[in-house]
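Single-structure report; data block below.
The values are calculated or read from the model by the stated rules, or taken from the named source; none is laboratory data. Not measured: the values here are computed from a predicted model. Note: ideal-geometry Cβ built from the backbone for every residue, glycine included; neighbour counts use all protein chains shown.
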Amino acid sequence: MTLCGLTLDRPRIMGILNVTPDSFSDGGRLDGVAAAMARGQAMVAEGADILDIGGESTRPGAVLVPVDEEISRTAPVIRALRAAGVTAPISIDTRKAAVARAALEAGADMVNDVTALRFDADMAAVVAEAGCPVCLMHSKGDPETMQNAPAYADVTTEVLAHLRAAIARAEAAGIARDRIVVDPGIGFGKTQEHNLALLRELARFGDLGLPILLGASRKRFIGTITGVEVAADRLAGSLAVALHGARLGARILRVHDVRETKEALAMWCAIEGETA
């Protein structure tokens, strides 16, 4: 299978480009279109295969951003990157159909929906009409409440069932199966033990027959386990999770630290006998 023209015979790097004032790790760092464009260009130069641009934080406790504001944060950056000659695939990280439509019109190639098309009833139609790839992620609750004592009888089995249902909804809406990516949603309505269980059993998601996206970079559980309070300093733990994910079948690694992940993957690929 390919994704936005990229083969998935090896793990691909999705660079996180947040244009938000309040994201958990890098909120407020990119002040304006020029700064965001420069960071996106730098990520591609460092080895990002895909850029994932988000204008609404979905960290625990985050509040809803108005549609117009989210569009004004993201679409101009996408247009600027394309005008600057960036040809790498661009994903729009949003749960809102109008934001996705504006981003696709501005030059984005893919939609990354943390609610797996559940938040906005129009999202599936936007994706189907565009014929673009979509990432369906598992989440429980909304960002404001999702970490309020999440509970599962068997987290991996329940997340798999949720994703199977999401895939069925997407296909029923006219989204081709070969344009769907799945994400177990590390940190979205999960405790540390839930996250670790999903990581241990990540290979089970291969049963869905679709590419797996893993987004665990700098998340709180990494800081808790490693004793690193500041999110931006959680590189070592993030790399450990990324390489573990690659070993168990993740084909897209959504990360903040592109260059370091690229180098770690090159080493891992050499050991595994794969082409980096």
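Worth pointing out:
So that you can scan it fast, the table gives a plain yes or no per residue for (1) surrounded by 18 or more Cβ atoms within 10 Å (Cβ to Cβ); (2) touching a residue at least 24 places away in the same chain (Cβ under 8 Å); (3) of a type in the set (D, E, K, R):
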| position | (1), (2), (3) |
| --- | --- |
| GLU70 | yes, yes, yes |
| THR74 | yes, yes, no |
| ALA83 | no, no, no |
| ARG101 | yes, yes, yes |
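- Among residues of the stretch 191-204 that are exposed (fewer than 14 other Cβ atoms within 10 Å of the Cβ), those with a Cβ under 8 angstrom from a residue that is among the hydrophobic types (A, V, I, L, M, F, W, C), sequence gap 6+ or separate chain, pair up as ALA203/LEU248.
- Residue that is modelled with the lowest pLDDT, among those in the stretch 142-162 that are surrounded by 14 or more Cβ atoms within 10 Å (Cβ to Cβ) and within 18 Å of ASP93 (Cβ to Cβ): MET146
The rows are residues; the columns are (1) buried (at least 22 other Cβ atoms within 10 Å of the Cβ); (2) in contact with a Lys or Arg (Cβ under 8 Å, 6 or more places away or on another chain).
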residue: VAL33; (1), (2): no, no
residue: MET43; (1), (2): yes, no
residue: GLU56; (1), (2): yes, yes
residue: VAL67; (1), (2): no, yes
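- Which listed residue, of LEU248, LEU265, LEU213, is closer than 21 Å to MET110 by Cα and surrounded by 15 or more Cβ atoms within 10 Å (Cβ to Cβ): LEU213
- Among the residues of the stretch 174-189, those identified as surrounded by 15 or more Cβ atoms within 10 Å (Cβ to Cβ), at pLDDT 95 or above and of a type outside the set (Asp, Glu) are ILE175, ARG179, ILE180, VAL181, VAL182, PRO184, GLY185, ILE186.
- Among residues of the stretch 102-122, those that are over 17 Å from ALA75 (Cα atoms) and in contact with a Ser or Thr (Cβ under 8 Å, 6 or more places away or on another chain), counted: 3
For (1) modelled with pLDDT under 95; (2) in a helix (DSSP H, G or I), each residue gets a yes or a no:
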site: MET43; (1), (2): no, yes
site: GLU56; (1), (2): yes, no
site: ALA62; (1), (2): yes, no
site: VAL65; (1), (2): yes, no
site: ILE71; (1), (2): no, yes
site: LEU81; (1), (2): no, yes
site: ALA88; (1), (2): no, no
